[in-house]
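Colleague: Take this structure, written in structure tokens, and hold onto it; I'll ask about it next.
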């Protein structure tokens, strides 16, 4: 037996672990899990656990629906937030077909394929996302009602400020216990909005980490009777929750984005990567911003990107190149500002990476840096400068994705088809709704 | 060989060249084919600054008389054809007698304790929940305190294979380990600028 598996078995025994959760993710980025007992573990590590793929979105096929969850032993980790009494552990799984081949609907598989493509070009891909989210009063929130920010909730024992800092402290400690170093901040501009900045790791580890962080944030909040949500735009009139994603490519130990002879310290690789991301941004937005609600965040006036452009110090740009201190070559990176916190991190990282790699392979030309605040330009000026917009709705985004060869390739036919079908259905459901906006605006006036 | 890692060594020079960083734990010397060379090797091993012990000699029955007056060269012996159970039992006993237990089980450094047998790490008695690679990295560092390792060395010694992240993976894992060690003990692992990482105090106290 491999030492990693031996390590898992011994740890389960030594720590008296009662249950082991098998984690995986569906196409829409929802965490899924089932748990097994230590008695089943040894066999499960070797052979995987069979489950019915058809019960889970995106994991269904017409005929054979049984698939295997193959635990990735190096992701084995005790869950400190469930540590009351007997500890519980989790292990992230790859989903494979019964013959052992990767299951096409597994988002980890999609990302691994994209990372393999980067590797074949000599690169490893590092990402560091900033996850924004809101706390609201009440654990579940009344379905279909507006959420109540914590500031307006009634808490007798704690002021809202105390409560937020207690949630923050517990979240940070739990994440650090799980080996996830974080920087944490509270927003001033939107009520009850918080942000967790993750330190970079390779993209696969980071996608697993994003799933873990979302779980821990919600879990810690729920223990205090508070709801945490990664919904992209939960409240009108204030900022939404983005997942600004910092990215760099490394060639061995060398930051392939850095070049000290360039006036912006950007290498040709970086320039082409940015050009690739910008060139394919419209096609991949359905993945980085996958919900009807996502497009209510991507509007003018709330620091969210709308226009396809890049800049060094302009927060209205879609791609920002953060200034780095002189000589800090390793921290040269780009920041892609469109994704929201409710994206599937595996698919989002894969899509942006694939767009960037295409830019490198086909030597795309980087457009000029956006000089002015793009929001102040007139439509005619933007047209003259050739500045396009991100899709304005899920429907538009899905149309653009459907025509994209790149997206079909990076997602694979199975995920591509399923995703389009699912998102068209979501849009159809949305279109059949009559909203409070319409009653307010039309009911008496018309 | 009873589960112990071992290396075949032909000469005193080989014993020096192939010695692991943390030193040999013992030696088995086969004297049944070339007794002269075997005894010479034993003598060299016993004359080192830190004489090698325990030393188990393997001899044939008709060599037993040659052991006379050479008692200082070995700690125990085994007669060919030896049975593996006998060899295992003798090794276990030798290691126990020389205070090493059956294998080097515990690595301790300040409040940090690693149990190599059970893969468990604890800090001031509180168990640390490490992933496999975090454990392996901490084990490697803690068994070589005071030494500075480059990222490349750590990658090749701990990971031992090509990994998605390349040498940057090491930085990521060091950060994760520091997070788990907590603020108070995070400095157990220090960054040595433009070189790599060091566990614990420098040998020179700097």
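The values are calculated or read from the model by the stated rules, or taken from the named source; none is laboratory data. All values derive from a computational prediction rather than experimental measurement. For neighbour counting, all protein chains shown are included, and Cβ atoms are generated from backbone atoms with ideal geometry for every residue, glycine included.
Colleague: Can you spot a residue in segment A:128-139 that is within 14 Å of chain B (Cβ to nearest Cβ) and either outside any strand (DSSP E or B) or modelled with pLDDT of 90 or more (or both)?
Modeller: Yes, there is a match, as at least one residue in segment A:128-139 is within 14 Å of chain B (Cβ to nearest Cβ) and either outside any strand (DSSP E or B) or modelled with pLDDT of 90 or more (or both).
Colleague: Of the conditions (1) at the interface with another protein chain (Cβ under 9 Å from one of its Cβ atoms); (2) more than 24 Å from the chain's Cα centre (by Cα), residue B:187 satisfies every one except a single condition; which number is it?
Modeller: Of (1) at the interface with another protein chain (Cβ under 9 Å from one of its Cβ atoms); (2) more than 24 Å from the chain's Cα centre (by Cα), only one is false for residue B:187: (1).
Colleague: Continuing with this model, one more query. With A:247, A:178, A:231 as the choices, which residue is in contact (Cβ under 8 Å) with a residue 60 or more places away in the chain and away from every other protein chain (no Cβ under 14 Å)?
Modeller: After ruling out the rest, the residue left standing is A:231.
Colleague: Could you say which residue among B:131, B:98 is away from chain A (no Cβ under 14 Å) and either in contact with a strand residue (DSSP E or B) (Cβ under 7 Å, 6 or more places away or on another chain) or over 20 Å from residue A:12 (Cβ atoms) (or both)?
Modeller: B:98
Colleague: On the given criteria, is residue A:19 under 29 Å from the mean Cα position of the chain (by Cα), more than 11 Å from every other protein chain (Cβ to nearest Cβ) and over 30 Å from residue A:340 (Cβ atoms)?
Modeller: So residue A:19 passes the test.
Colleague: Now for a separate question. When only residues in segment A:80-107 that are within 13 Å of another protein chain (Cβ to nearest Cβ) and buried (at least 22 other Cβ atoms within 10 Å of the Cβ) count, which is farthest from residue A:357 (Cα to Cα)?
Modeller: Selected residue: A:89.
Colleague: Now, a different point. What's the number of the only condition in (1) surrounded by 16 or more Cβ atoms within 10 Å (Cβ to Cβ); (2) modelled with pLDDT under 90; (3) in contact with a strand residue (DSSP E or B) (Cβ under 9 Å, 6 or more places away or on another chain) that residue A:54 fails to meet?
Modeller: Against the list (1) surrounded by 16 or more Cβ atoms within 10 Å (Cβ to Cβ); (2) modelled with pLDDT under 90; (3) in contact with a strand residue (DSSP E or B) (Cβ under 9 Å, 6 or more places away or on another chain), residue A:54 comes up short only on (1).
Colleague: Here is a list: A:335, A:413, A:363. Which entry is in contact (Cβ under 8 Å) with a residue 12 or more places away in the chain, surrounded by fewer than 24 Cβ atoms within 10 Å (Cβ to Cβ) and in a loop (DSSP other than H, G, I, E, B)?
Modeller: Answer to the selection: A:363.
Colleague: If we keep just the residues of segment B:117-128 that are without any contact (Cβ under 8 Å) to a residue 24 or more places away in the chain and more than 11 Å from every other protein chain (Cβ to nearest Cβ), which is surrounded by the fewest Cβ atoms within 10 Å (Cβ to Cβ)?
Modeller: That would be B:125.
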